[in-house]
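Notes follow once the structure below has been shown.
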Number of protein chains: 4
Amino acid sequence: MAGSVLGTIFKITTWGESHGEGVGVVVDGCPAGLPLSEEDIQAYLNRRRPGQSRFSTPRSESDCVRILSGVFEGRTTGTPISLLVPNENQRSKDYSEIASYYRPGHADYTFDAKYGFRDYRGGGRSSGRETIGRVAAGAVAAKMLKEMGISFLTYTRSIGPVEISGERFDADQIGDNPLYMPDAVAAEQAEHYLEECMKGRDSAGGVVECVITGMPAGIGETVFDKLDASLAKAVFSIGAVKGVEIGSGFSAAEKKGSENNDAFVTDGTGRITKQTNHAGGILGGMSDGDPIVFRVAIKPTPSVAHVQQTVKRDGTPVEISIAGRHDPVIVPRAVVVVESMAAVTVADLLLVNMGARMDFLKKIYTEE
Amino acid sequence: MAGSVLGTIFKITTWGESHGEGVGVVVDGCPAGLPLSEEDIQAYLNRRRPGQSRFSTPRSESDCVRILSGVFEGRTTGTPISLLVPNENQRSKDYSEIASYYRPGHADYTFDAKYGFRDYRGGGRSSGRETIGRVAAGAVAAKMLKEMGISFLTYTRSIGPVEISGERFDADQIGDNPLYMPDAVAAEQAEHYLEECMKGRDSAGGVVECVITGMPAGIGETVFDKLDASLAKAVFSIGAVKGVEIGSGFSAAEKKGSENNDAFVTDGTGRITKQTNHAGGILGGMSDGDPIVFRVAIKPTPSVAHVQQTVKRDGTPVEISIAGRHDPVIVPRAVVVVESMAAVTVADLLLVNMGARMDFLKKIYTEE
Amino acid sequence: MAGSVLGTIFKITTWGESHGEGVGVVVDGCPAGLPLSEEDIQAYLNRRRPGQSRFSTPRSESDCVRILSGVFEGRTTGTPISLLVPNENQRSKDYSEIASYYRPGHADYTFDAKYGFRDYRGGGRSSGRETIGRVAAGAVAAKMLKEMGISFLTYTRSIGPVEISGERFDADQIGDNPLYMPDAVAAEQAEHYLEECMKGRDSAGGVVECVITGMPAGIGETVFDKLDASLAKAVFSIGAVKGVEIGSGFSAAEKKGSENNDAFVTDGTGRITKQTNHAGGILGGMSDGDPIVFRVAIKPTPSVAHVQQTVKRDGTPVEISIAGRHDPVIVPRAVVVVESMAAVTVADLLLVNMGARMDFLKKIYTEE
Amino acid sequence: MAGSVLGTIFKITTWGESHGEGVGVVVDGCPAGLPLSEEDIQAYLNRRRPGQSRFSTPRSESDCVRILSGVFEGRTTGTPISLLVPNENQRSKDYSEIASYYRPGHADYTFDAKYGFRDYRGGGRSSGRETIGRVAAGAVAAKMLKEMGISFLTYTRSIGPVEISGERFDADQIGDNPLYMPDAVAAEQAEHYLEECMKGRDSAGGVVECVITGMPAGIGETVFDKLDASLAKAVFSIGAVKGVEIGSGFSAAEKKGSENNDAFVTDGTGRITKQTNHAGGILGGMSDGDPIVFRVAIKPTPSVAHVQQTVKRDGTPVEISIAGRHDPVIVPRAVVVVESMAAVTVADLLLVNMGARMDFLKKIYTEE
């Protein structure tokens, strides 16, 4: 188990390395009858494509997806959906140097430790290209969830020390700046910060926030497969993630119970909701019907042109400086990856939940 | 799938409610030949038992574990280990009031939303007693890992706003104060803070930190089943957890790449290690041989005697005040639960990793 | 993974050895709201209980089940149902002899080969008592399926060379003879055959047949988790099973396509059905709405009083004769075990199938 | 879950329809360091390729496999191996007629029943082309097992009523006749039988037998994931399979215990083995070190040119005759599919078993 399979009912299997023939994913368990086209998926992939601003690698990759199976006459058939994105722009360069040492902050050393050797070309399986399969699957999940009235709003909450302001929050601005921030002022500050980083041959990290609306209450299983636990695993499995928090998150640890509890109330329609949402839309591991809100900490890109100390495979010390086309910050490109992992997780737990109640079974199997 | 099964090879299934006959766990997949006794498990359960200080509920529960299967002549046989802790002290009280409304911060509402009704006695399956199965399984995992040279140091890092100091850190003090803090000064301050909370009929949260040492490098699978992702899910599935971070965690998001990267070096023995450990012992989702360090944010106990607003099942507003025997802070009791979930996760991935290399297979199957 | 967990949504975990404290099962994922009592489960267990005829071991075991969790006010809550059957009648006898050699036809040798040692008391985990957990889980599954209009008719089709006749088939007679045969004449012949076996200090095998009616069409997943494949695994995992066939089974291999194909027709109500049922109710791995019919070959009990050749652990030859209380035939007691495994399999795939279509999702989540 | 994922550690995901872009498989969890080339896989695929004799469809498909990921410098890297076989020869024909009715013996009706509609072109996901992914994965598994000394001998045991003779059994002849029979005389008789079938516009079934040698003892998990149960599921999931039996199989049901038991003995080297092998190399669900022997019943090809009765989607009766390029018998082409499913199953359980014993863990993690 290389751990490239995720999910119980909506089950995805990703594959592919940076410099192999391509990358892809097989989505097994998507319900039949969902309208799905390559355009639906391409729209998601375009959000993670590099080369769209001066803050991402200038590599140009078109990342065109092909649906190889599972869709017939524009609708999913219920059988596995195989999605392929061929690799291109694989410069035939000399990897012998990069193969000889361990880049700090990368998985070179641990791959060697685990498998005895590694595909050192462009990061191999630990390349950022691995996320293409996640995003392609996420596009399918999001399409399915959209039909159920569930949608996602995901954006950059902070870049380095620059954070968005609650007062200036404007979802419409997310697409208007290259950093996907819902706050034009913060975006401008963050751009300046990044330019300074780049001048210093350095890189930056940041925080991504995701808000899921339209969730029915009761999604998530009660002990290990809680909705928050499953979301945490899904997003923590993205390369550079170092922390995940839901609702009040770490700040909840400093509060008192009377402050942190959310009072239940009824809204105008008589529906039960909460006065506040410190819980982040999840109670006891199940959605409570309010928006789900979580944040993801992403470390600064480890590939920096700065001079760094490291060792060769045999332990000999060596001084390196990573040249080449690297993102000074991956946070903006990670936005759609986080959203995709959330979509895949919610889709799966939504399907799993269908077996939760005898009256659900009767609705499906005994009613006309 | 009520989601009460976890793991691929070392697979645990917990069961039980607060007011049923008991709680327990079945551990399937523990390797044969591990010395194991009820005392080994009881030692772990005693660390989470209530009534041990003025900061935990005065309910007295002996929580005595019985091994029902899977151990023969003092050693595990390789077959499922069934562990049972009978419930006692189930006061036959009137639950009709608590059944009628939704307690803020609890899972009452979401259980009803998911299943159509709920076992309202003492929280049912969402009771803190659910963690007994986790801890019993964790004790088995920790025993197995100890034989492999892997050990855990877990403690309270903060209670409300009171955090331990790095300079005063002293692991020997963890057992000397009721809050399991490795810093006597902070512990005293935290005790004062908690007393104030209790006077105000309120509760506190905090942060638990766990350090895993002795890990071989390369443990964790490469994409979805990364070690950090799996740890995140495991601990996030504990009732009151709102955030998890590894190594530098959320603070990594504010750093630059040149600061956050850990330089590889060789230690005195020629072994490759890192000069710093911002990564928290995990690179690319695999252990790098350095200590694994992660932190868990725990919200304040939602059961407070404070007057709270909420609604009844039909949406009618109601004012409540939760009386009874509740922990003003669950962080100290959560320490062993976090450690247990970490142990279960590491045990499973250690077993999964055995299939990672052809030379491992040859060592097992073709060597004498 | 000792392999004691089965299922995707309706997930069962069995545990327990012949001479431990007890045997049991945890059923995780049974839908909430199913009426369930200990009597429901006991009724199934009583069908496998020994000592009910001269053709089963005279050991008297009451095998009383206790529901430890997951049921509240007479209905399942959606959380794990833990079922316990305490062991009794564990004679404190001397096992040193049986521990020293390998019984032919038993798992003594393979347990030692796998785990390095074994719990030799009464067969340990490979004891027939292991099936108690299966039957208890099967009772829960069957109760759930009954509510959906799905029912099981399971019986002994043959004992040794004595087979039931199609013309004399009478389901009402199944409970009227100790061999659970739906044919009084064959039952009498089989009883004579068994008496001869017993006189010869020998044992017999046979075939169990199971018919499942009321199945909706379309249950079963399309490639690996086909309904027939899943049934085959489930029943093949029962101790003494050596073969499984569906519909025409092995005889289909000798037929021509024109003979074996079942013509589709419409019944009086306009429902599509098949003129014949050589397929055994399964096409392409999915139920076709007609009765599912499968057969299971069960080997003769390996414990015979006959003198047998075998070896000790060190390879020394030894002559043995297995004394004690053994069933001369286990086929009648296996009937309910086969039915239970079928019920568990169908329940799981019925739940899994709920996610097969977008219109199913809409029925659950968007309709009132 | 469309059920296209199989395995715990060696996990395969197949995808693809008859008339989509291609078919393929992702193998996740193959150990790193296994030499693997496209030729290794192609050799297996060539064994199932049509058009190689007058007894298989004259469609010519080259079925060329491409390795898209997971292999670097000729060795597996431990990451997912993605294998693609593009579809070709997809005649753009008119499927409107075939779309309108349900072919007897096919999955047309059940696909519609499950998913609400179906990809009717060439059988869609239930096409025989679905087995290409199985065989490609089987080739990888078989290569891995070969390195461990485990090999497979698989052949046609019978075609219709014509069975091989034990006395004439000659493994060398398997490749010398188009039916893969290890008996030249029977092969000739079978060829005559098939010619008669073809003249009668009819089809035939048969039995495939597989013998696995070199198995270490102790492989297979003890309760549900027994080796025989897992093999049964794996091969039963192949399209036309109607029965599976191990060792003596169904004939064991007619024997007495004293006949069916295999006496343990020691061979010349002191190794413990069995005098006979009625068990088929499996005791208590675990391999006993002797050859594993199982048989698989395959029904006659349902596509026959014979006139057949069936109904349209709306239930209207219709008379059909299936024209076109169909195999009069699929048994010879199924031989390698059966072997592939066996290889995949054994590979997985071999990897799973590595966690069975503490001394195995110590060998991997604590020895030099």
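The values are calculated or read from the model by the stated rules, or taken from the named source; none is laboratory data. In this text, all values refer to a predicted model and were calculated from it rather than measured experimentally. Ideal geometry is used to build each Cβ from the backbone, glycine not excepted, and the neighbour counts take in all protein chains shown. Surface areas here come from the heavy atoms of the whole protein model, side chains and all, with no ligands, DNA or RNA. Shrake-Rupley method; radii C 1.70, N 1.55, O 1.52, S 1.80 Å.
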Next on the checklist: Take the conditions more than 10 Å from chain D (Cβ to nearest Cβ), over 29 Å from residue C:194 (Cβ atoms) and at pLDDT 95 or above and apply them to residue C:332. Does it pass?
Outcome noted: no
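Does residue A:316 qualify as being out of contact with any Cys (no Cβ under 6 Å at 6 or more places or on another chain), free of Cβ contacts under 8 Å to residues at least 60 places away in the same chain, open to solvent by 10 Å² or more (accessible area, probe 1.4 Å) and over 19 Å from residue C:367 (Cα atoms)?
On the way: out of contact with any Cys (no Cβ under 6 Å at 6 or more places or on another chain): yes; free of Cβ contacts under 8 Å to residues at least 60 places away in the same chain: yes; open to solvent by 10 Å² or more (accessible area, probe 1.4 Å): yes; over 19 Å from residue C:367 (Cα atoms): yes.
Spelling it out, residue A:316 is indeed out of contact with any Cys (no Cβ under 6 Å at 6 or more places or on another chain), free of Cβ contacts under 8 Å to residues at least 60 places away in the same chain, open to solvent by 10 Å² or more (accessible area, probe 1.4 Å) and over 19 Å from residue C:367 (Cα atoms).
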Checklist entry - Does residue C:173 meet the test of being closer than 22 Å to residue D:252 by Cα, open to solvent by 20 Å² or more (accessible area, probe 1.4 Å) and not acidic (Asp, Glu)? => result no
Next on the checklist: Let me spell it out: the conditions are (1) among the hydrophobic types (A, V, I, L, M, F, W, C); (2) under 22 Å from residue B:68 (Cβ atoms); (3) in contact with a Pro (Cβ under 7 Å, 6 or more places away or on another chain), and residue C:171 meets all of them except one. Which number is the exception?
Outcome noted: (2)
Item to check | Lone qualifier among A:274, A:226 - being out of contact with any Lys or Arg (no Cβ under 6 Å at 6 or more places or on another chain), of a type in the set (Lys, Arg) and in contact (Cβ under 8 Å) with a residue 24 or more places away in the chain | outcome: A:226
Item to check | Top-ranked residue of segment D:230-251 - restricted to ones that are open to solvent by 10 Å² or more (accessible area, probe 1.4 Å) and more than 7 Å from chain C (Cβ to nearest Cβ), ranked as nearest to residue D:125 (Cα to Cα) | outcome: D:239
Item to check | Total residues in segment A:74-100, condition farther than 27 Å from residue A:10 by Cβ and either assigned to a loop (DSSP other than H, G, I, E, B) or modelled with pLDDT of 95 or more (or both) | outcome: 8
Checklist entry - Any chance segment D:190-200 includes a residue that's facing chain C (nearest Cβ under 8 Å) and surrounded by fewer than 18 Cβ atoms within 10 Å (Cβ to Cβ)? => result yes
Checklist entry - Can we say residue A:270 is facing chain B (nearest Cβ under 7 Å) and closer than 19 Å to residue B:112 by Cα? => result yes
Checklist outcome for this item: Matching residues in segment B:203-217 (surrounded by fewer than 22 Cβ atoms within 10 Å (Cβ to Cβ), within 14 Å of chain A (Cβ to nearest Cβ) and outside any strand (DSSP E or B)) number 2
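Just checking, does segment C:135-149 include any residue being within 24 Å of residue C:305 (Cβ to Cβ) and either hydrophobic (A, V, I, L, M, F, W, C) or open to solvent by less than 10 Å² (accessible area, probe 1.4 Å) (or both)?
As a first pass, look at segment C:135-149 and keep what is within 24 Å of residue C:305 (Cβ to Cβ): none.
Looking through segment C:135-149, none of the residues is within 24 Å of residue C:305 (Cβ to Cβ) and either hydrophobic (A, V, I, L, M, F, W, C) or open to solvent by less than 10 Å² (accessible area, probe 1.4 Å) (or both).
Which of the strands (runs of 3 or more DSSP E) contained wholly in segment C:224-304 include at least 1 residues that are among the small types (Gly, Ala, Ser) and modelled with pLDDT of 95 or more?
On the way: elements: C:241-246, C:264-266, C:272-274, C:292-298.
Once the strands (runs of 3 or more DSSP E) in segment C:224-304 are filtered for at least 1 residues that are among the small types (Gly, Ala, Ser) and modelled with pLDDT of 95 or more, what remains is C:241-246, C:292-298.
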Checklist entry - Could you list, in sequence order, the residues of segment A:23-69 that are acidic (Asp, Glu) and either closer than 28 Å to residue D:116 by Cα or within 14 Å of chain D (Cβ to nearest Cβ) (or both)? => result A:28, A:38, A:39, A:40
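Given the options B:147, B:163, B:195, B:167, name the one that is touching a strand residue (DSSP E or B) at 6+ places or on another chain (Cβ under 7 Å) and more than 27 Å from residue A:284 (Cβ to Cβ).
Numbers: B:147 fails: touching a strand residue (DSSP E or B) at 6+ places or on another chain (Cβ under 7 Å); B:195 fails: touching a strand residue (DSSP E or B) at 6+ places or on another chain (Cβ under 7 Å); B:167 fails: touching a strand residue (DSSP E or B) at 6+ places or on another chain (Cβ under 7 Å).
Of the residues listed, the single one that is touching a strand residue (DSSP E or B) at 6+ places or on another chain (Cβ under 7 Å) and more than 27 Å from residue A:284 (Cβ to Cβ) is B:163.
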Checklist outcome for this item: Residue pairs qualifying under the 7 Å Cβ cut-off, at least six apart or on distinct chains, with the first in segment D:252-265 being facing chain C (nearest Cβ under 7 Å) and open to solvent by 10 Å² or more (accessible area, probe 1.4 Å) and the second being part of a loop (DSSP other than H, G, I, E, B) and of a type in the set (Asp, Glu), are D:256/C:202; D:258/C:202
Checklist outcome for this item: Scanning segment A:336-368 for residues that are surrounded by fewer than 24 Cβ atoms within 10 Å (Cβ to Cβ) and either more than 10 Å from every other protein chain (Cβ to nearest Cβ) or outside any helix (DSSP H, G or I) (or both) gives A:357, A:366, A:367, A:368
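If a residue must be open to solvent by 40 Å² or more (accessible area, probe 1.4 Å), closer than 18 Å to residue C:218 by Cα and not basic (Lys, Arg), how many such residues does segment C:271-308 contain? Don't jump to the end; show me each part of the working.
First, pick out the residues of segment C:271-308 that are open to solvent by 40 Å² or more (accessible area, probe 1.4 Å): C:271, C:275-278, C:291, C:306-307.
Remaining after also requiring closer than 18 Å to residue C:218 by Cα: C:271, C:277-278, C:291.
The next check asks that each one be not basic (Lys, Arg); those that pass are C:277-278, C:291.
Looking only at that region, the number is 3.
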Next on the checklist: assigned to a helix (DSSP H, G or I) and surrounded by 24 or more Cβ atoms within 10 Å (Cβ to Cβ): is that true of residue D:109 in this structure?
Outcome noted: yes
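What residue, of B:40, B:28, is crowded, with 20+ Cβ neighbours inside 10 Å, under 24 Å from residue C:84 (Cα atoms) and touching a residue at least 40 places away in the same chain (Cβ under 8 Å)?
It is B:28.
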Item to check | Members of segment B:78-101 found to be surrounded by fewer than 24 Cβ atoms within 10 Å (Cβ to Cβ) and at the interface with another protein chain (Cβ under 7 Å from one of its Cβ atoms), listed by number | outcome: none
Next on the checklist: Considering only residues that are facing chain A (nearest Cβ under 9 Å), of a type outside the set (Ser, Thr, Tyr) and surrounded by fewer than 24 Cβ atoms within 10 Å (Cβ to Cβ), which ones fall in segment D:118-129?
Outcome noted: D:121
Item to check | Residue count, segment D:283-306 (criterion: within 8 Å of chain C (Cβ to nearest Cβ) and over 21 Å from residue D:156 (Cα atoms)) | outcome: 9
Checklist entry - Which of the residues that make up segment C:112-151 are of a type in the set (S, T, N, Q) and either outside any helix (DSSP H, G or I) or more than 24 Å from residue C:341 (Cα to Cα) (or both)? => result C:127, C:151
Next on the checklist: Can you find, within segment D:43-59, the residue that is least open to solvent (accessible area, probe 1.4 Å) among those that are closer than 17 Å to residue D:238 by Cβ and modelled with pLDDT of 95 or more?
Outcome noted: D:45
